[in-house]
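Enquirer: One structure, pasted below without further comment.
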């Protein structure tokens with residue numbers, strides 16, 4: 001069996017799919033790591049499975065195991081990129097949704113007063129940027145063309161998700177200060193309630209004593 005050969009265009013296509021695959025694989029692994037149940041995501045995994053199937057069709061043709069017309073290789077190379085491309089979008093969709101859930105959950109543990117006092121950036125920048133990101137993602141998805149995939153929109157999507165991740169990391173760093181502030185506030189409130197109770201009890205005792213004296 002002789003060595004197989006690829007044309008310059010075929011080599012370029014394989015290289016693009018290979019580079020994209022490694023980026024998408026990292027995204028998939030990271031998405032699975034962020035998932036509370038550490039589960040494997042079915043759809044991105046299936047997309048990579050389909051991509052591998054098309055790759056094997058290319059090799060089957062090149063090794064002479066498959067007879068087909070001249071467009072067969074180009075068609076399958078295009079589909080390889082398309083499936084890897086979709087796996088990337090599926091992973092990014094999950095991450096963008098998961099990051100929003102995490103932010104709302106984390107911020108929900110603290111009162112608005114605490115967030116304004118200790119982390120004013122939350123209302124000034126972080127929360128608004130998540131809203132901006134939603135619109136940016138919607139725009140990217142609307143312009144996505146499965147029939148003619150290219151990595152530009154995917155790369156832009158990756159940058160948006162990284163931006164959201166950075167916000168979450170910043171929130172995690174300030175979390176200890178948020179907890180400390182809320183604990184201090186609760187202690188002050190409890191101390192205040194104790195003082196009020198003491199004053200009420202004291203007033204009642206004094207009132208009783210005065211009542212006895214003047215009876």
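Enquirer: Which one is farthest from residue 18 (Cα to Cα) among residues in segment 132-146 that are more than 19 Å from the chain's Cα centre (by Cα) and touching a residue at least 12 places away in the same chain (Cβ under 8 Å)?
Expert: Only one residue fits best here, namely 144.
Enquirer: OK, next. For the condition assigned to a loop (DSSP other than H, G, I, E, B) and surrounded by fewer than 17 Cβ atoms within 10 Å (Cβ to Cβ), what is the one hit in 60, 68?
Expert: Step by step, each of 60, 68 is checked, and only 68 is assigned to a loop (DSSP other than H, G, I, E, B) and surrounded by fewer than 17 Cβ atoms within 10 Å (Cβ to Cβ).
Enquirer: Here is a follow-up. Quick one: count up the residues across segment 160-215 that are closer than 25 Å to residue 102 by Cβ and either exposed (fewer than 14 other Cβ atoms within 10 Å of the Cβ) or modelled with pLDDT under 65 (or both).
Expert: Matching residues across segment 160-215 total 10.
Enquirer: Another question about this same structure. I'm trying to understand the selection: among the residues of segment 62-80, which are in contact with a helix residue (DSSP H, G or I) (Cβ under 6 Å, 6 or more places away or on another chain) and closer than 13 Å to residue 148 by Cα?
Expert: 77, 79, 80 - these are the residues of segment 62-80 that are in contact with a helix residue (DSSP H, G or I) (Cβ under 6 Å, 6 or more places away or on another chain) and closer than 13 Å to residue 148 by Cα.
Enquirer: While we're here: Could you list, in sequence order, all residues of segment 4-57 that are outside any helix (DSSP H, G or I) and closer than 22 Å to residue 75 by Cα?
Expert: Answer for segment 4-57, where residues must be outside any helix (DSSP H, G or I) and closer than 22 Å to residue 75 by Cα: 4, 5, 6, 7.
Enquirer: Within segment 15-22, is there a residue that is surrounded by fewer than 13 Cβ atoms within 10 Å (Cβ to Cβ) and over 26 Å from residue 96 (Cβ atoms)?
Expert: yes
The values are calculated or read from the model by the stated rules, or taken from the named source; none is laboratory data. Quantities reported herein were computed from a predicted structural model and do not represent experimental measurements. Here Cβ is always computed from backbone atoms with ideal geometry, including for glycine, and neighbour counts include all displayed protein chains.
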